[in-house]
1. Would you mind estimating how fast the chain diffuses translationally, via Stokes-Einstein at 4 °C and 1.567 mPa s with the Kirkwood radius over Cα pairs, in µm²/s?
2. Applying the Karplus parametrisation 6.51 cos²θ - 1.76 cosθ + 1.60 with θ = phi - 60° to the phi angles of segment 166-183, what ³J(HN,Hα) value in whole Hz is obtained for each residue in order, glycine and proline being reported as x?
3. Can you bin segment 56-145 into rounded, prolate or oblate? Criterion: square roots of the alpha carbon gyration tensor eigenvalues sorted a ≥ b ≥ c, rounded for a/c under 1.5, prolate for a/b above b/c, oblate for the rest.
4. In straight Cα distance, which lysines are under 16 Å from Lys278, not counting same-chain residues fewer than 8 positions off?
5. Reachable aspartates and glutamates from Lys450, Cα under 15 Å, same-chain residues fewer than 8 places away excluded?
6. Which of the aspartates and glutamates could a cross-linker span from Lys279 if the Cα-Cα distance has to be under 18 Å and same-chain partners fewer than 8 positions apart are dropped?
7. In this model, which of Lys220/Lys299; Lys73/Lys127; Lys14/Lys40 are farther than 26 Å apart at the alpha-carbon?
8. With n ≥ 4 as the cut-off for DSSP H runs, can you work out [θ] at 222 nm for the chain, using -39500 (n - 2.57) per run divided by the number of residues, rounded to the nearest 500?
Amino acid sequence: MNEHIAQFIDLREKLHSSIPYRADATMDLIDALSGNTQAKSVVELSLNPLFRREYSSLHDAVDNFFVASCPEKAKQERDAHQESLMHIVAPLCPRPTNRNFYLFALDATSQPRQFANTLEDRGFVYKPNPISGNKPITIGHCYSILVAMPEKKGNNVPPWVLPLSSRRVPTDEKATDIGAAQVEALLEDKGLPFGKELAVLVADSAYSAVTFLGQQTAHKNQVTIVRVRANRTFYKMPIHDDAPGKGHPTWYGTAFNTQDPSTWGPPDETASTTYITKKGRVCHVEIQAWQNMIMRGKKGISMHKHPFTLLRITVTDDNGKGVYRRPMWIIVYGERRHEISLVEAYNAYGQRFDIEHFFRFGKNKLLMDAYQTPDVEHEENWWEIVGLSYIQLWAAARIAQTHLRPWERYLPIAQVKKPDLSSPSMVQRDMERIIARFGTPAKSPKPRGKSPGRQKGYSLGRRNRYSVIKKSVLSEPKVAHAP
């Protein structure tokens, strides 16, 4: 317990010392956000007892969390700023004991801003829509999030992640390219341990594109596990003939169509495992693996030089009935992929869904997408602050007490007197007590008197209006046919 307390206090002191401007107000904001249980808007956080200042200081803290020296160096300086924060967060990632690799997840989520006409660089982004028939899109920004996933020791462990990097995806770039840059910054940093040891990255099917996987070959200690659509065509390694011949060398062998079982052939390896759901349902997992598969590349990306392992996963119940409508296909990509067993690869991808829990908790409890501002830079600052508040919750997870509401006494967690690791919601409920006990590095506010305000006759002027950017679909050039 003393070790966890010291780690929590050390994190807060490092965060406070790393904030160049408005450090005291920013720490109060992080505390109020970590202990928020009632606020539905960002400005309501100023009513939280942990925020000891006026509501104007809240916006002042967000505005000055990161300030670039000049617009030309803004991107470079923000990347360096995030890398410095990564060095503070990285020690909180526990070293794995039951598995021989660090696990990371990469995904993108939306920031809806449909009516923010004065906000720059808005586009059409993905957002789930519960109404059947409606397109799952909205207008706003998209953010790429890279998280570390602590090793789970048990079936009922809360779905914690450690946000390491959050970057906004400009409308003229792709989330996969921004994500590749985040992974590179993480693994190429010599001050962090992740690039020196085996690191596994899991992502959904959007990251199975050649343009993303082709960039991961530069990291020799990285293995990428991504899901692929069930209508892909891959290729087996070609059988090279020793006899010299003319013409282009053979790069691809026979085709492997995931929709046509006749093209598969017998798997090179199989494995099975069993797990029990929270409702007590027993599920049997069958894994088939085909080694040394390749996919077609693009200009400048020679994918035939980088084979991977293709997994087909089926889940059935005790009666042999399929749990899901169709099997799941997964790629295990990287030079050190053979150091990961089939069951480990399946479990690693299964843990990827914890990042979805983080998105839901962040938007519902940490007001991740609730900050309304006409400045893109301030919005990016807010997303970083939300990530730090979640990190603070993780640091306090082992020293928090469980506070159950009357209608929650029947939940399974009520039967555990002192859980080893509390859930994010439980830690958030206890954060006010924790900070009151261990104190804060932020200084108490001092009265400053009344501000003189703007000069008489000063006018802010009308803000610029920006139209929504819609990406055009590149069509194939028309070829004139001979008469």
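No value in this document is a laboratory result; all are computed from the given coordinates. Note that the structure is predicted; figures quoted are calculated from it, not measured. Using ideal geometry, Cβ is built from the backbone for each residue, glycine included, and neighbour counts are taken over all protein chains shown.
1. Details: Rh = 25.2 Å.
Stokes-Einstein gives a translational diffusion coefficient of 51 µm²/s.
2. 3J(HN,Hα) across segment 166-183, in whole Hz: 9, 9, 6, 9, x, 5, 8, 10, 9, 5, 5, 6, 5, x, 4, 5, 5, 5.
3. Oblate shape, in that a/c is at least 1.5 and b/c is the bigger or equal ratio.
4. Lys152, Lys153
5. Glu54
6. Asp317, Asp318, Glu408
7. On the way: Lys220/Lys299 22 Å; Lys73/Lys127 31 Å; Lys14/Lys40 29 Å.
Flagged as over cut-off: Lys73/Lys127; Lys14/Lys40.
8. So the helix-based figure for the chain works out to -8500 deg cm²/dmol.
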